[in-house]
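**Student:** Below is a structure I'd like to ask you about.
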Amino acid sequence: MFPPLTAFYNAISQDARIGAVHISVYMALLQLWNLNGGKNPFFVDRDNVMKIAKINSRHTYNRCMTNLHEFGYIVYKPALNGAISSKVNLNYCEME
């Protein structure tokens, strides 16, 4: 059992705003969070998240990250410079 995954799927089950691309981006973030030892915050590189999530458009990435932040699934602090990693917190605990 992986509680953060279960909590996310429980939360989105009633959220019509979440689509397949949001799920793909969140799963990429969850993988990176897991590789970071399950610690918040963690830093992400846009190109790496896009590669893991299997998306090719920066617009799609930015929209999904902004949506996930606005909808309360993550706290997203984008880097102002593309050469610097952005900071992310997963809010999975609040979804349980």
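**Student:** Consider Gly38 carefully, then state whether it is farther than 19 Å from Ala79 by Cα, surrounded by fewer than 18 Cβ atoms within 10 Å (Cβ to Cβ) and at pLDDT below 95.
**Tutor:** yes
**Student:** Within region 74-92, can one find any residue that is touching a Cys at 6+ places or on another chain (Cβ under 9 Å), part of a loop (DSSP other than H, G, I, E, B) and either modelled with pLDDT of 95 or more or not charged (D, E, K, R) (or both)?
**Tutor:** no
**Student:** To continue, here is another question. I'd like to check something: does region 57-72 contain any residue that is surrounded by 18 or more Cβ atoms within 10 Å (Cβ to Cβ) and β-branched (Val, Ile, Thr)?
**Tutor:** No; the residues of region 57-72 include none that is surrounded by 18 or more Cβ atoms within 10 Å (Cβ to Cβ) and β-branched (Val, Ile, Thr).
**Student:** Search region 1-60 for residues being in a loop (DSSP other than H, G, I, E, B) and hydroxyl-bearing (Ser, Thr, Tyr), and hand back the single one that is nearest to Leu90 (Cα to Cα).
**Tutor:** Ser13
**Student:** While we're looking at this one, here's another question. Is there a residue in region 49-70 that is touching a strand residue (DSSP E or B) at 6+ places or on another chain (Cβ under 6 Å) and free of Cβ contacts under 8 Å to residues at least 12 places away in the same chain?
**Tutor:** Yes, because at least one residue in region 49-70 is touching a strand residue (DSSP E or B) at 6+ places or on another chain (Cβ under 6 Å) and free of Cβ contacts under 8 Å to residues at least 12 places away in the same chain.
The values are calculated or read from the model by the stated rules, or taken from the named source; none is laboratory data. None of the values given here were measured: they were computed from a predicted structure. Every residue, glycine among them, receives a Cβ derived from its backbone with ideal geometry; neighbour counts consider all protein chains shown.
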